[in-house]
Every structure is written in C-alpha cells, then in structure tokens.
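Undergrad: Sharing a structure below in structure tokens format, with a few things to ask.
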Amino acid sequence: MKAIRVHETGAPDVLHLEEVADLHPEPGQVKVRVQAAGVNPVDVYIRSGMYPVKPPLPYTPGSDAAGVVEEIGERVSSVKVGDRVYTAGTLSGAYAEQALCDESQVHKLPDAITFAQGAGVNVPYATAYRALFYRAHALPGEAVLVHGASGGVGIASVQIARAHGLTVIGTGGTEEGKRLVREQGAHHVFDHHAPDYLKEIVALTGGRGVDLILEMLANVNLANDLGALAQKGRVVVLGSRGPVEIDPRATMGRDSSILGMSLNNASPEELSSIHAALVAGLENGTLRPVVGQEIPLQDAARAHRVVMEPGAYGKIVLIP
C-alpha cells in the first residue's frame, strides 16, 4: 500500500509518499481501507518536532480517517467487514491507503455522511464536545463565544453548542468565513479583525459578558478575552502558538476561570461517551462536518501548509 512516511522531523517537505507493506489486524484490531484522512494542526506540530509527544521515526502521520472495514481480528464484535466507519485515532497512522486501529478507535459512519466529512469528525468534534461539556460544563441558555469559528474545531463548536441550546457567537476573519459561521448555526457573527468587536459582543449581552469562550489562538486573544467574560465566566484554551501576558486581576472580580484542554487527556470512558454523542448528532443531522479542501495524498506537504494558513475554513482532507 501507499503511505506518507516521516523519517525526520522538520518542514512539510519531510512528508514522503512511499510504498509500504500491507497491514493485517491482530486480535482486537480493525483494518480500515482509507477513503479520506483528516489533516489537523496537531499533525503539523508533531511533524515539525514541536509537540511534546514525539512518535518513533519513521512514522505515518494522522489520527483521523474514514473508510470501509476491510479486515477484523479475533474478538472484534462492534464492526464487521464492509462497515463504513470513521477513526478516532489509529495504531498505524491515517495518511495512508490502509489504517490499523484498535476496536475502540472505530465508530460507525452514518450513510448520510461522506467519507471526506467522516475524516473531519474525530479531533475537531471530540475536542469541541470535551471543551464545552467536560471542561467548561456548558449549560443550555448560556452564551458562548467561539473564536476562529470558521475552522474545523470552530465549526464543530458552533454546531454542537447550537444543538445544545446555547446562544452562539462566532468570529471570522473574512466575509466568506463569517458567512460560513452564520450558515453553521451561529446566532451572531463578528469580524475578529475589527478593533472593537469584543466591546460590541459585551454590548450584545446587555453588558454582562459571555459565559464561555472557546479560544483557538490564546497567544493573541487571551488577555482581551478576560474582559469580555460574565461573572463566573470560563475561557477554554484550545490552541496557542506562543506565550501571552495577562493581568490576573482581570479574573478576580468575575471569579472567572482559564481552563486548558487537550484531547489527549480524555479517559477511555470519556471518549466512549463523547463518540456516542457525536454519532447520534451525525445520525440526526445536527452535526455536519464542512470540508474546505480535498487534497491528494501525495500532496500532504501542501495540506500541512494550507491547514496553518490564516483564513482557512472547513476541514482539510487527504484523498488516497
């Protein structure tokens, strides 16, 4: 089979398409014929050597894919050969024609969801769900601000929050991005390049501020976010590309909280519950991943550049 391999960390050009041996599942494992693989910013951080956890070299990148079950090992009972599935992690890497997964890493993909959409489920939607309900304990009726709402995690956050009865405020940096955020269910949309957009958001809430902020770029926004929170408001940091200086007193008067969040910290029990909820949302139509670009597998280096560009919207997927 063909797979992207990384023999050394570095720039996107270290991603090489190679011919490697076919995979075969052991007991408790599932082999998926990959139809699409999702590209996430964390893949870029791992490839560049910036991520704290470094896989042994060489390796095949990626955790998110969608495809068809091609072979199962002994004791696998939740899926069968021929089932459409999406992956929530892999044992072998997702940027390939085949992916080997533990049985717990594969989930049924409803017929109404394309493989390209399915490749955009795991990291974006599980991250958004865990941030909203496991870290911030969001409640129906609360107001949530989703920064960078036109990206993969942002779109997932908007759809999940809207489906659970929150008032959703999203930001985008382009007219196309703002239109997309509105189409995905945000009640209000703002341009995060506008100088006074946070003041306008606070005014929208009658001056009380928002209950919750999902922050994708904390090194740019966190210090200002704190002034837009309501009493007992929470900021969940989902992404940051560097340090930031804040005034801790901005949290004191509001009893507000800054919460870090990494999907890697989710327990197996959490993940099982999260994906049960996500599959239900995919089945009933409240969750609908948006694919921004489909890029051939051999152009993985280009996909790694695109996914980090400002203004990128929707999910970037690789097609073997």
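Undergrad: Within 10 Å of each residue's Cβ, count the other Cβ atoms and sort TYR313, TYR95, TYR134 from fewest upward.
TA: Exposure proxy ranking, most exposed first: TYR134, TYR313, TYR95.
Undergrad: Could you compute the net charge surrounding GLY38? Neighbours are other residues with a C-beta less than 9 Å from the C-beta of GLY38; K and R count +1, D and E count -1.
TA: So the surrounding residues net to -1.
Undergrad: Which of the three applies to segment 198-320, rounded, prolate or oblate, going by the alpha-carbon gyration tensor with a ≥ b ≥ c and a/c under 1.5 meaning rounded?
TA: prolate
Undergrad: Moving on to the next point. Using a 7 Å offset from the Cα along the Cα-to-Cβ direction at both VAL81 and GLU26, what is the distance between the two label points in nm, to one decimal?
TA: My value for the distance between the label points is 2.2 nm.
Undergrad: Which order results if ARG33, ARG84, ARG249 are arranged by neighbouring Cβ count within 10 Å, fewest first?
TA: Neighbour counts put them in this order, fewest first: ARG249, ARG33, ARG84.
Undergrad: Let me ask something else. Please sort by residue number the GluC sites (Glu not before Pro) in segment 187-267 whose DSSP state is loop and whose Cβ has at most 10 other Cβ atoms within 10 Å.
TA: Counting only loop positions with at most 10 other Cβ atoms within 10 Å, the GluC sites (Glu not before Pro) in segment 187-267 are GLU245.
Undergrad: Only Cα pairs within less than 10 Å get springs; with that Gaussian network setup on the chain, which residue of PRO140, PRO248, PRO296 has the largest fluctuation?
TA: Of the options given, PRO248 has the highest mean-square fluctuation.
Undergrad: What is the order of ARG302, ARG5, ARG75, fewest Cβ neighbours within 10 Å to most?
TA: ARG75, ARG302, ARG5
Undergrad: Using a 10 angstrom cutoff on alpha carbons, build the Gaussian network for the chain and name the most mobile of ALA301, ALA149, ALA128.
TA: ALA301
Undergrad: Would you check the chain for Lys pairs whose C-alpha atoms are within less than 17 Å, ignoring same-chain pairs closer than 8 in sequence, and give me the count?
TA: Lysine pairs meeting both conditions in the chain amount to 5.
Undergrad: A further question on this structure: To the nearest 500 deg cm²/dmol, what mean residue ellipticity at 222 nm is calculated for the chain from DSSP H runs of n ≥ 4 alone, each contributing -39,500 (n - 2.57), summed and divided by the residues?
TA: Value at 222 nm, helices only, nearest 500: -7500 deg cm²/dmol.
Undergrad: Arrange the peptides 236-243, 261-268, 103-110 so that the one whose residues have, on average, the most other Cβ atoms within 10 Å appears first.
TA: 103-110, 236-243, 261-268
Undergrad: Once you sort the root eigenvalues of the Cα gyration tensor of segment 124-264 as a ≥ b ≥ c, which label holds: rounded (a/c under 1.5), prolate (a/b larger than b/c) or oblate (the other case)?
TA: Verdict is rounded for segment 124-264.
Undergrad: For segment 206-264, rounded, prolate or oblate, judged on the Cα gyration tensor with a ≥ b ≥ c (square roots of eigenvalues), a/c < 1.5 rounded, else prolate if a/b > b/c?
TA: Since a/c reaches 1.5 and a/b is larger than b/c, the shape of segment 206-264 is classed as prolate.
Read the figures in this text as sums done on the coordinates, not as results from a lab. Treat the numbers as computed from the prediction; the structure is a model and nothing was measured. No Cβ is skipped: glycine too gets one built from the backbone with ideal geometry, and neighbour counts run over all protein chains shown.
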